[in-house]
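> This is the structure I want to talk about, given as structure tokens.
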Amino acid sequence: MVVDRERFSDLICKMLSGKYQTTVASDGLQAVRALQTSPPDVIVVEMSIPGNGLRLAELVGISPKFNHIPVVLTSANPSMDIVLKAKDAGVSSYLAKPFRPSELASRIEQALTEPVVAPEPSAEASPGEQGAAAGAEGAPAVEGAKRAIRDRVKKIDGLPVFPATHAEIMKLAKSENATSEALAEQIKMDPSMLATILKLVNSAYYGLRKKVDSLKVAVSLLGFEEIANLVMSAQVFQGLGGYKNKLGLDLKGFWRHSVGTGFVARSVAKKLQTEAETAFLGGMLHDIGKVVLDRFFPDYYIQVMGLVKGGEMSIAQAEEDVLGLTHAEVGGQLAAEWKFSENLQNVIMYHHAPETARRYQRLVGLVHLSDVICRTLQFGSGGDMLVPQIDSAVMDRFALTEKGLQIFAETAKEDLEAAESFLLALG
Ligand SMILES: [Fe+2]
Ligand SMILES: [Fe+2]
């Protein structure tokens, strides 16, 4: 039970004591801690708790560890808006205050007997579902839980919808008869995107001698794929960024780290003869889960940042401890929901454990490697002070020696200079 007033919690505990064992938490953070140590059969949470009852319900809904636990949400200020948001968060039952004790008891009973409903199967599997689809995990309950998480992630209150132009551009990029004109037409439909692309194309990074003010010329100069990637990363950055935080994630450092990893990944991919442009996008977007958690679960993410401050804990470990899930999991599900290509979904989901990806291990390993190189060279901020180790399986996969790694790190310095001028253009 998560309530912020002692008298109220005493009252409810007394009321339920004959039949149930209760644990009380006074805010969202305490609640997640209690969920980790002794997971309950049902959560009763007040809307007004510090950390926000609805956000706690959302967090439970997107966590692979907790999403099977039903949530009963109570609120003193009922409104249709909250009812709808509660439904999106997967809340089993919503109870407006004041309520009779028997009412709460019957809602708890109902929540305990009805399983948390998994949405209908969707046409496209997320990276976490691919194994199940391939028969590796197979159990329908596991598949249902994964689908439910994906469905909850997309319904996080305030999460931007990925622009329709993205889907069109990705469709175009896949089509064999894509033309520069068709791409230019799509981009023009979003004037702010058009301005961003022209700004980037004219930046020092591309070093073009003449100013380019036509998108068609830009596409013919840089190529279809490069422009499509610029559009996609700019859309993600604009969609997920654009918020301010006083505490929590170092946002400037975060975007530097993302762009830096993209540039390093592209250059490493060329050396290792792997798809360079997908590696670029993978590097750019691998950590998007961090901004989702920082932006929509700020009370929790401030705690994550507090844990990593001492330099003894990795950000993924701190996320697991505070939130019960990691940025890689959230980012991977979001990428699936936003219909990123399957290889990109795998990069985002598995970049901290590349060999656990069931497909595209080469690309995932490459972004993992570039992420660590970027962290080692301290370009931007990965969020914590610990530079992760390169997975030994990745070293083996690319037959990398310590010396080879040093050479990569040396060239990466040049890539990061390029990333710097790109960042300058982005403003
Ligand atoms: Fe990461
Ligand atoms: Fe990273």
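The values are calculated or read from the model by the stated rules, or taken from the named source; none is laboratory data. Here the structure is a predicted model, which is why all the values come from computation and not from measurement. Heads up, the Cβs are rebuilt from the backbone with ideal geometry, glycines too, and the neighbour counts pull from every protein chain shown. Note: accessible area is taken over every heavy atom of the protein model, side chains too, but ligands, DNA and RNA are not part of it. Shrake-Rupley method; radii C 1.70, N 1.55, O 1.52, S 1.80 Å.
> State all residues of segment 317-351 that are closer than 21 Å to Phe296 by Cβ, within 15 Å of ligand 2 (Cβ to nearest atom) and open to solvent by 10 Å² or more (accessible area, probe 1.4 Å); if no residue qualifies, say none.
The answer is Gln317, Thr326, Glu329, Met349.
> Scan Val268, Val231, Val236 and give me the residue that is of a type in the set (A, V, I, L, M), under 18 Å from Leu344 (Cβ atoms) and within 16 Å of ligand 1 (Cβ to nearest atom). Break it down stepwise before answering.
Details: Val268 fails: within 16 Å of ligand 1 (Cβ to nearest atom); Val231 fails: within 16 Å of ligand 1 (Cβ to nearest atom).
Being of a type in the set (A, V, I, L, M), under 18 Å from Leu344 (Cβ atoms) and within 16 Å of ligand 1 (Cβ to nearest atom) holds for just one of Val268, Val231, Val236, which is Val236.
> Residues in segment 162-174: is at least one of a type in the set (S, T, N, Q), modelled with pLDDT of 70 or more, out of contact with any strand residue (DSSP E or B) (no Cβ under 6 Å at 6 or more places or on another chain) and surrounded by fewer than 19 Cβ atoms within 10 Å (Cβ to Cβ)?
Within segment 162-174, not a single residue is of a type in the set (S, T, N, Q), modelled with pLDDT of 70 or more, out of contact with any strand residue (DSSP E or B) (no Cβ under 6 Å at 6 or more places or on another chain) and surrounded by fewer than 19 Cβ atoms within 10 Å (Cβ to Cβ).
> Scan segment 370-400 for residues that are free of Cβ contacts under 8 Å to residues at least 12 places away in the same chain and either open to solvent by 40 Å² or more (accessible area, probe 1.4 Å) or among the charged types (D, E, K, R) (or both) and jot them down.
Scanning segment 370-400 gives Gln378, Ser392, Asp396, Ala399.
> Moving to a separate point now. Could you pull out the residue among Val304, Val308, Val330, Val322 that is farther than 25 Å from Lys413 by Cα, more than 14 Å from ligand 1 (Cβ to nearest atom) and in contact with a helix residue (DSSP H, G or I) (Cβ under 8 Å, 6 or more places away or on another chain)?
Numbers: Val304 fails: more than 14 Å from ligand 1 (Cβ to nearest atom); Val308 fails: more than 14 Å from ligand 1 (Cβ to nearest atom); Val330 fails: more than 14 Å from ligand 1 (Cβ to nearest atom).
That would be Val322, the only listed residue that is farther than 25 Å from Lys413 by Cα, more than 14 Å from ligand 1 (Cβ to nearest atom) and in contact with a helix residue (DSSP H, G or I) (Cβ under 8 Å, 6 or more places away or on another chain).
> I'm checking my understanding of the structure. Among residues of segment 276-293 that are more than 13 Å from ligand 1 (Cβ to nearest atom) and either of a type in the set (Gly, Ala, Ser) or surrounded by 24 or more Cβ atoms within 10 Å (Cβ to Cβ) (or both), which one is nearest to Phe162 (Cα to Cα)? Show your work before the answer.
Going through segment 276-293, the residues more than 13 Å from ligand 1 (Cβ to nearest atom) turn out to be 276-281.
Those left that are additionally either of a type in the set (Gly, Ala, Ser) or surrounded by 24 or more Cβ atoms within 10 Å (Cβ to Cβ) (or both): 276, 279-281.
Values: Ala276: 24, Ala279: 21, Phe280: 20, Leu281: 16 Å.
If we take residues in segment 276-293 being more than 13 Å from ligand 1 (Cβ to nearest atom) and either of a type in the set (Gly, Ala, Ser) or surrounded by 24 or more Cβ atoms within 10 Å (Cβ to Cβ) (or both), then Leu281 is nearest to Phe162 (Cα to Cα).
> Hey, another quick one. Pairs only if they're at least six apart or on different chains, beta carbon under 6 angstrom, first in segment 13-42 and of a type in the set (Ser, Thr, Tyr), second open to solvent by 50 Å² or more (accessible area, probe 1.4 Å); list them, first residue then second.
Hits for this filter: Ser26/Asp4.
> Then there's this: Can you name the residue in segment 360-399 that is among the acidic types (Asp, Glu) and touching a helix residue (DSSP H, G or I) at 6+ places or on another chain (Cβ under 8 Å) and, of all such residues, is nearest to ligand 2 (Cβ to nearest atom)? Spell out how you get there, then give the answer.
First, the residues of segment 360-399 that are among the acidic types (Asp, Glu): 371, 384, 391, 396.
Okay, now just the ones that are also touching a helix residue (DSSP H, G or I) at 6+ places or on another chain (Cβ under 8 Å), so 371, 384, 391.
Details: Asp371: 4, Asp384: 10, Asp391: 14 Å.
Ranking the candidates gives Asp371 first.
> Could I ask something else about it? Limited to segment 183-214, what total is found for residues that are assigned to a helix (DSSP H, G or I), in contact (Cβ under 8 Å) with a residue 60 or more places away in the chain and among the hydrophobic types (A, V, I, L, M, F, W, C)?
So the first thing to find is which residues in segment 183-214 are assigned to a helix (DSSP H, G or I), and the list is 183-188, 191-201.
Next, only the ones that are in contact (Cβ under 8 Å) with a residue 60 or more places away in the chain stay: 196, 199-200.
With the extra rule that they be among the hydrophobic types (A, V, I, L, M, F, W, C), the set shrinks to 200.
The total comes to 1.
> Can you tell me which residue among Asp371, Asp391, Asp384 is touching an Asp or Glu at 6+ places or on another chain (Cβ under 9 Å), within 14 Å of ligand 1 (Cβ to nearest atom), modelled with pLDDT under 95 and in the same structural domain as Val291 (by TED's automatic domain parsing)? Spell out the reasoning first.
Numbers: Asp371 fails: modelled with pLDDT under 95; Asp384 fails: touching an Asp or Glu at 6+ places or on another chain (Cβ under 9 Å).
After ruling out the rest, the residue left standing is Asp391.
> Collect the residues in segment 410-425 that are in contact with a Leu (Cβ under 8 Å, 6 or more places away or on another chain) and surrounded by 15 or more Cβ atoms within 10 Å (Cβ to Cβ), keeping them in residue-number order. Before the answer, list the steps.
So the first thing to find is which residues in segment 410-425 are in contact with a Leu (Cβ under 8 Å, 6 or more places away or on another chain), and the list is 412-413, 416, 422, 425.
Those that are in contact with a Leu (Cβ under 8 Å, 6 or more places away or on another chain) and surrounded by 15 or more Cβ atoms within 10 Å (Cβ to Cβ): Ala412, Leu416, Phe422, Ala425.
> Can you pull out the residues in segment 352-364 that are under 19 Å from Lys271 (Cβ atoms) and within 14 Å of ligand 1 (Cβ to nearest atom)?
Of all residues in segment 352-364, those under 19 Å from Lys271 (Cβ atoms) come to 354, 360-364.
If the condition is that a residue be under 19 Å from Lys271 (Cβ atoms) and within 14 Å of ligand 1 (Cβ to nearest atom), then Pro354, Val364 are the ones that fit.
> Taking segment 27-43 as the search range and keeping residues that are surrounded by fewer than 18 Cβ atoms within 10 Å (Cβ to Cβ), of a type outside the set (D, E, K, R) and not in a helix (DSSP H, G or I), which one is modelled with the highest pLDDT?
Here the answer is Pro40.
> Restricting the first residue to segment 272-294 and requiring it to be over 23 Å from Gly51 (Cα atoms), which pairs with a second residue that is of a type in the set (Asp, Glu) meet a Cβ separation below 6 Å and a spacing of at least six or different chains?
Note: pairs meeting the criteria are Glu277/Glu225.
> Could you check how many residues of segment 31-47 are under 20 Å from Ile108 (Cβ atoms) and in contact with a strand residue (DSSP E or B) (Cβ under 8 Å, 6 or more places away or on another chain)?
9
> Restrict the check to segment 344-360 and report whether at least one residue is modelled with pLDDT under 95, part of a helix (DSSP H, G or I) and touching a Leu at 6+ places or on another chain (Cβ under 7 Å).
Yes: one or more hits.
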